[in-house]
Amino acid sequence: MRVTLVFGVLLVVLAASVVVGVLIGAVAIAPGEIFGALFGNGDATTIAIVRDLRLPRVIGAALVGGALAVAGTLLQGLLRNPLADPYVTGTSAGASLGAVATIALGVTTPFILPLGAFAGAIVAVSLTWRLAALGGRTTVLSVLLGGVVLTSFAGALLTFLIVASDRVVPRLRAVIGWLLGGVSVLDSAELIVAAVVIGAGALLAIGLAPRLDAFAFGEETAATLGVDVDRTATVVLVTTAVLTAAAVALGGVVGFVGLVVPHALRPFVGAPHRGLVPAAFLAGAATLVLADVGARSVLAPSELPVGVITGAVGGPFFLAVLIREQRRMRV
Amino acid sequence: MTSLIARSATAGYGQRVALRDADIELTGGELVAVIGPNGAGKSTLVRVLAGLLRPRSGAVTLDGVDLRALDRGRIARRIAVVPQVFDTLFPFSVREVVGLGRTARLGLLGRAGEADRVAVRRAMGELDLGALASRPIDALSGGERQRALLAMALAQEADVLLLDEPTAHLDPAHQQDTLALLRRLAAERQLVVMAVLHDLNLASALASRIVVVAEGRIRGDGPPSRVLNDELVRSVFGPRLVVLPGDPPFVLPRVGS
């Protein structure tokens with residue numbers, strides 16, 4: 001009953017944020033004209049702004065936010081760690097390294113960039129899993145330390161690639177902007193593929209829900225409850241990498257959405273992943289659409305990368321959660 | 001009738017051998033207590049019998065089938081384990097924790113069916129958890145949490161119940177209640193029930209059979225009146241204990257030097 005109410009609220013908030021995202025922009029357009037333009041009525045410039053710029057950007061932001069929030073939920077469940085997400089574990093950094101590597105190497109095959117991002121993400125998230133398991137029990141801090149190491153290592157390689165590759169230099173501004181997290185340039189084919197991949201990842205995550213619940217009480221308990229621990233961990237890690245890679249390929253590195261969203265939702269939908277995963281998708285989508293509106297408005301007419309907004313809001317939140325968890329369990 | 005049998009099972013971690021040549025035969029209906037000093041290999045015995053730790057040599061069979069031939073889901077439908085350590089950072093309610101016992105029986109899409117709801121309700125009723133159903137598990141007292149865990153294992157509807165120190169956090173009255181419940185379940189449903197216990201007198205009074213583990217070996221196996229004798233108790237637990245013979249026998253600390 002309460003969960004139904006929460007989903008109703010989330011759907012309304014997501015719809016409202018999409019409307020706000022389309023209404024607000026550098027060029028002031030009356031709401032009536034915007035809705036006309038959506039259906040192809042009005043002057044050509046307005047139609048172009050609404051259909052080719054604002055709408056894809058809003059949809060892109062929603063996909064990125066939903067993917068990151070689901071990936072964060074998966075990582076938190078698998079690692080039994082309320083402080084995990086693609087960003088702090090270094091998975092996003094791995095994905096961006098993989099993506100930039102494809103640019104630096106000059107590979108131009110279609111969709112090579114997301115594949116590079118996936119390769120980087122799967123390496124990073126597997127390392128996180130190995131590091132977290134060192135010493136037997138997964139602790140909250142070992143995951144974070146592993147993430148710090150991975151992020152700075154990937155960052156070093158990334159800087160090297162940017163400086164060393166003359167292929168990156170001409171695109172430096174675009175690459176840097178993309179690295180900081182921005183969802184501005186999106187063509188519709190890219191969006192459709194991303195939507196299919198992210199949708200499949202999210203559905204798989206919902207299917208993993210009962211096994212993730214069992215993981216919350218440790219691998220051994222999960223095993224006695226009938227979960228094949230190794231296979232489940234592999235599927236969760238691959239799903240996380242797919243979602244993170246898709247999000248990074250679309251919008252660059254966007255921090256903290258995956259961490260904040262599941263954490264903030266648990267008091268309302270409870271811990272079981274059957275409700276948490278879909279709720280995280282909706283809330284993550286709405287959060288990033290609104291953050292992107294902020295990114296476009298704060299310094300208008302200049303635009304900030306959306307990662308600046310999520311970092312500015314998510315960083316302090318992360319600290320607050322860290323302090324609380326430390327008190328609670330003396331990590 | 002269900003039988004869980006270990007034949008000369010040797011198991012350990014890395015270089016260390018924690019259990020050596022263990023032979024044990026468990027059948028439905030009895031409440032078996034495992035006793036022994038800290039680090040004797042009691043938990044390892046539980047893990048080997050649950051299929052969580054593969055023996056390096058020897059084998060464990062459930063109704064004649066080697067556990068190695070069964071996947072985790074099949075094992076979970078037959079063997080339930082109540083773990084020693086059970087904590088989470090996430091706010092699962094008592095009902096949700098008990099529901100985890102159904103993990104291996106959920107449908108393809110992971111949905112709980114009518115049978116799952118009935119099993120959860122029944123397990124919660126048996127452990128008197130009705131009033132606590134919606135409480136978060138980490139807000140419970142040690143005893144309440146232990147009951148929730150036991151209910152989770154019962155909801156699994158397995159034929160074998162292995163418990164690693166199920167009474168560790170309980171006061172004497174609740175210890176007694178828990179063991180009486182295990183004894184009744186073993187008798188009524190012909191379950192195989194084996195529990196690691198630290199309280200020798202509780203084991204003596206309520207178990208129908210006692211297995212003594214020391215230094216990785218099974219040193220005694222039989223009814224309390226036969227196993228709990230002066231010689232075995234002192235050689236395993238040290239010379240400062242005295243056994244008062246009887247049925248059941250009692251073990252007391254020796255007073256004075």
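The values are calculated or read from the model by the stated rules, or taken from the named source; none is laboratory data. Note that the structure is predicted; figures quoted are calculated from it, not measured. Cβ: placed from backbone, ideal geometry, glycine included. Neighbour counts: every protein chain shown.
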So which pairs qualify, if the first residue must be in region A:222-241 and more than 8 Å from every other protein chain (Cβ to nearest Cβ) and over 25 Å from A:GLY258 (Cα atoms), the second must be assigned to a loop (DSSP other than H, G, I, E, B) and of a type in the set (Gly, Ala, Ser), the Cβ gap must be under 8 Å, and the two must be at least 6 apart or on different chains? none
Considering region B:41-55 alone, what residues qualify as being on the phi < 0 side of the Ramachandran plot and touching a Gly at 6+ places or on another chain (Cβ under 7 Å)? B:LYS42
Filtering region A:203-214 down to residues that are buried (at least 24 other Cβ atoms within 10 Å of the Cβ) and either of a type in the set (Val, Ile, Thr) or more than 9 Å from chain B (Cβ to nearest Cβ) (or both) yields A:ALA205, A:LEU212
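Evaluate the following for A:VAL261: is it under 22 Å from A:GLY90 (Cα atoms), surrounded by 22 or more Cβ atoms within 10 Å (Cβ to Cβ) and within 14 Å of another protein chain (Cβ to nearest Cβ)?
no
Going residue by residue through region B:43-61, is there one that turns out to be within 9 Å of chain A (Cβ to nearest Cβ) and exposed (fewer than 14 other Cβ atoms within 10 Å of the Cβ)? First the steps, then the outcome.
In the first step, residues of region B:43-61 are kept if they are within 9 Å of chain A (Cβ to nearest Cβ); the result is B:47, B:50-52.
Those left that are additionally exposed (fewer than 14 other Cβ atoms within 10 Å of the Cβ): none.
Looking for residues that are within 9 Å of chain A (Cβ to nearest Cβ) and exposed (fewer than 14 other Cβ atoms within 10 Å of the Cβ), one finds none in region B:43-61, hence no.
Check every one of the helices (runs of 4 or more DSSP H) wholly within region A:228-329 and list those with 3 or more residues that are among the polar types (S, T, N, Q). Before you say what the answer is, go through the steps one by one.
On the way: elements: A:229-251, A:257-269, A:273-297, A:306-329.
Filter on region A:228-329 gives A:229-251.
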Residues located in region B:73-99, provided they are within 18 Å of the chain's Cα centre (by Cα), part of a helix (DSSP H, G or I) and facing chain A (nearest Cβ under 8 Å): B:ILE75, B:ALA76, B:ARG77
Quick one: B:ASN38 ticks every box in (1) within 18 Å of the chain's Cα centre (by Cα); (2) of a type in the set (S, T, N, Q); (3) assigned to a strand (DSSP E or B) except a single one, so which number is it? (3)
From the list B:VAL85, B:VAL60, B:VAL65, which one is over 30 Å from B:ASP138 (Cβ atoms), free of Cβ contacts under 8 Å to residues at least 12 places away in the same chain and of a type in the set (A, V, I, L, M)? B:VAL65
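From A:VAL169, A:VAL163, which residue is over 20 Å from A:LEU78 (Cα atoms), modelled with pLDDT under 70 and out of contact with any Ser or Thr (no Cβ under 9 Å at 6 or more places or on another chain)? Talk me through it step by step, then tell me what you get.
Details: A:VAL163 fails: modelled with pLDDT under 70.
Only one candidate qualifies: A:VAL169.
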The condition from (1) within 14 Å of chain A (Cβ to nearest Cβ); (2) touching a residue at least 24 places away in the same chain (Cβ under 8 Å); (3) of a type in the set (Lys, Arg) that B:ARG111 misses is numbered (2)
Confirm whether B:ALA123 is assigned to a helix (DSSP H, G or I), small (Gly, Ala, Ser) and under 16 Å from B:ALA76 (Cβ atoms). yes
Determine whether region A:81-97 contains at least one residue that is in contact (Cβ under 8 Å) with a residue 24 or more places away in the chain and in contact with an Asp or Glu (Cβ under 7 Å, 6 or more places away or on another chain). yes
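Among the listed residues B:ARG78, B:ARG95, which satisfies the condition of being over 20 Å from B:ILE5 (Cβ atoms), among the basic types (Lys, Arg) and out of contact with any His (no Cβ under 6 Å at 6 or more places or on another chain)? Lay out the reasoning, then the answer.
On the way: B:ARG78 fails: over 20 Å from B:ILE5 (Cβ atoms).
None of the others qualify; the one that does is B:ARG95.
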Only one of these conditions is not met by B:ASP128: (1) in contact with a helix residue (DSSP H, G or I) (Cβ under 6 Å, 6 or more places away or on another chain); (2) on the phi > 0 side of the Ramachandran plot; (3) more than 10 Å from chain A (Cβ to nearest Cβ). Which number is it? (1)
Condition check for B:LEU200: touching a residue at least 40 places away in the same chain (Cβ under 8 Å), under 19 Å from B:SER43 (Cα atoms) and within 14 Å of chain A (Cβ to nearest Cβ): no
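Checking the conditions here, which among A:PHE268, A:PHE256, A:PHE217 is modelled with pLDDT under 90 and within 14 Å of chain B (Cβ to nearest Cβ)?
On the way: A:PHE268 fails: modelled with pLDDT under 90; A:PHE256 fails: within 14 Å of chain B (Cβ to nearest Cβ).
Of A:PHE268, A:PHE256, A:PHE217, the one residue that is modelled with pLDDT under 90 and within 14 Å of chain B (Cβ to nearest Cβ) is A:PHE217.
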Considering each residue of region A:271-288, count those that are under 12 Å from the mean Cα position of the chain (by Cα) and within 14 Å of another protein chain (Cβ to nearest Cβ), and give that number. 1
